[in-house]
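Coordinate-derived values only; no laboratory data. Predicted, not measured: the structure shown is a model, and the values here were computed from it. Every residue, glycine among them, receives a Cβ derived from its backbone with ideal geometry; neighbour counts consider all protein chains shown.
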Amino acid sequence: MAAASKPRILVVDDEPGLRDMLAIMFKREGLDVTLAPGFATGRDAILHSPEPYAVVLTDLLMPDGNGLDLLTLVKQRTVQTEVIMMTAHGALETAVDAMKRGAYDFVSKPFATTELRALVQKALEKRAIVAENEQLRAKLGREQGREVVFRSEAMRKIFDLTQSISRARTTVLITGESGTGKERIARAIHEASDRRGKPFLVVNCGAIPEALIEAELFGHERGAFTGAVSSRLGLFREAEGGTVLLDEVGELAPATQVKLLRVLQERKVRSVGAAAEVPIDVRVLAATNRNVEDEVRAGRFRQDLYYRLNVIRVEVPPLRSRRDDIRPLAEHFLKQSAGEQGKDIRALSPDALRTLEGYDFPGNVRELENVLERAVALAKGMTIGLGDLPGELAGAAAQATPDLVLLPDAGCNLDEVLGEVERRLLLQALERSGGVRTHAAKILGVTLRSLRYRLHKHALGDAGDDPDSDPPSEQT
């Protein structure tokens with residue numbers, strides 16, 4: 001068996017004595033230590049590292065840069081890396097700002113080595129727990145055939161919440177637009193709980209007629225109504241020891257809402273036509289795409305039932321507000337659909353990927369999954385191209401940037417239009433790269449010197465991370 005690799009730690013500080021001391025100390029702790037004497041070398045170490053560091057220790061103020069900017073860069077690459085700020089200034093505002101940006105903690109110079117050693121150890125332990133949870137989620141997702149894929153910080157926070165509430169018996173209300181993955185969130189809560197070996201049953205409250213929903217949920221006795229030729233336990237008793245998801249709970253009729261409230265309060269159910277109640281041990285999760293508060297104000301949803309369901313709230317954001325998830329989701333659905341259809345399709349073309357990332361997806365994750373399934377079915381090569389995507393996606397992308405492709409009826413000043421397009425693309429590349437010019441140049445397919453020339457031309461010389469000296473030349 002291969003030995004486990006050592007946790008990797010990066011120390012960024014312009015004081016040679018401090019760097020050497022920390023290197024000796026952490027190597028004795030069994031860590032793989034990389035040293036960087038300033039912002040630029042620290043940035044390069046982060047960008048060119050084959051895998052993310054476990055922990056980054058960085059000074060706040062260095063001659064060539066700011067530790068907060070380094071923190072932002074680290075978190076843009078991966079939120080799993082824990083960052084500890086070291087500062088001789090000890091300003092509370094700086095500490096608060098660092099924590100808001102995602103720092104694990106901070107220490108003020110001079111500090112006790114025992115304090116820093118303990119802080120790094122706790123950061124490593126936290127990272128190990130997060131990694132273990134992610135492996136568990138992936139394993140559970142594969143077992144269920146419904147792996148949940150994400151990269152955005154918004155979804156990471158949601159899954160951290162699902163982990164913390166998974167072992168409770170508390171009811172959870174999951175809200176969000178249709179197609180955002182509310183059922184998958186509910187399944188993740190169930191699979192992370194000690195009920196995972198028991199049933200996870202889902203009922204779509206809006207798909208069952210009002211006359212039948214009570215029997216579907218609570219069961220019925222033989223002969224309780226016309227057509228009841230045999231008795232049925234009902235969803236709550238069938239899920240004994242497990243979890244019930246009431247999907248589209250906002251669609252329940254008022255009479256059923258009253259009975260559901262009693263079940264949640266008493267933990268007992270009475271089958272239709274039965275004389276006695278039966279105790280149940282079931283965790284209830286509910287999901288809806290409606291604004292439940294508006295439904296309560298309008299009198300269509302009982303306030304007491306709302307309070308009973310809304311003990312813990314999970315709000316799933318639409319896909320358009322977490323575009324970082326589009327690429328990993330698209331790649332996941334591509335692999336899934338290619339496997340199901342028996343086709344050797346391995347990638348999305350850059351144009352296709354850009355189009356997907358620029359589309360708003362009103363149908364959210366469900367629509368993205370359908371788009372990839374269709375694209376795989378139509379594709380003739382090993383790569384999904386722009387022509388394999390539905391026409392409305394390409395049309396929406398074109399409408400989003402009409403000045404790139406449409407000539408106004410009254411004509412235009414070509415130099416001004418091209419200049420404005422160039423300026424917008426420069427700003428977008430800087431934003432996407434976190435202000436790192438070498439990355440922005442790579443995104444735009446130009447040299448660093450050419451990028452600096454264009455930034456200077458558009459009076460964007462202060463944008464990015466490395467200030468210009470002399471105005472560069474386009475030709476060099």
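Annotations
- SER164 versus HIS456: modelled label distance in nm, points set 7 Å from Cα along the beta carbon direction: 5.0
- Fully extending the segment from ASP360 to GLU238 would add 40.0 nm, taking 0.36 nm per residue of separation and subtracting the current Cα-Cα distance.
- Ordered by the count of other Cβ atoms within 10 Å of each Cβ, fewest first, MET62, MET99 give MET99, MET62.
- For THR383 and ASP344, the difference between the fully extended length at 0.36 nm per residue and the C-alpha to C-alpha distance is 13.2 nm.
- The distance separating the Cα centre of region 255-293 from that of region 4-23 comes to 57 Å.
- Note on region 320-400: Rg/Rh from C-alpha atoms, Kirkwood Rh, equals 0.93.
- FRET efficiency estimate (nearest 0.05) - Cβ-Cβ, ARG222 to ARG101, R0 56 angstrom: 0.30
- Added length on full extension, which subtracts the Cα-Cα distance from 0.36 nm per residue, GLU29 to GLU266: 79.9 nm
- Rg over Rh for region 216-339 works out to 1.09, both radii taken from alpha-carbon positions and Rh defined as the Kirkwood radius.
- Straight Cα distances below 20 angstrom link LYS122 to the aspartates and glutamates GLU29, ASP32, ASP59, GLU82, ASP105, GLU132, GLU134, ASP160, with same-chain residues fewer than 8 positions distant left out.
- Cleavage-rule hits (trypsin sites (Lys or Arg not before Pro)) in region 204-274: DSSP loop, at most 10 neighbouring Cβ within 10 angstrom: ARG222
- Taken as Cα centroids, region 201-216 and region 364-388 sit 34 Å apart, rounded to the nearest whole angstrom.
- Cα-based convex hull, region 8-129, per residue volume (Å³, whole number): 93
- Theoretical FRET efficiency, 1/(1+(r/R0)^6), r = Cβ-Cβ of VAL278 and ARG323, R0 51 Å, to 0.05: 0.60
- For region 8-129, with +1 on Lys and Arg beta carbons and -1 on Asp and Glu, the positive-most of ALA23, LEU47, THR81 along the dipole: THR81
- Mean Cβ neighbour count within 10 Å, used as a protection proxy, ranking 106-119, 418-431, 277-290 highest first: 277-290, 418-431, 106-119
- For the residue pairs LYS182/LYS259; LYS157/LYS198; LYS100/LYS335, the C-alpha atoms sit more than 32 angstrom apart in LYS100/LYS335.
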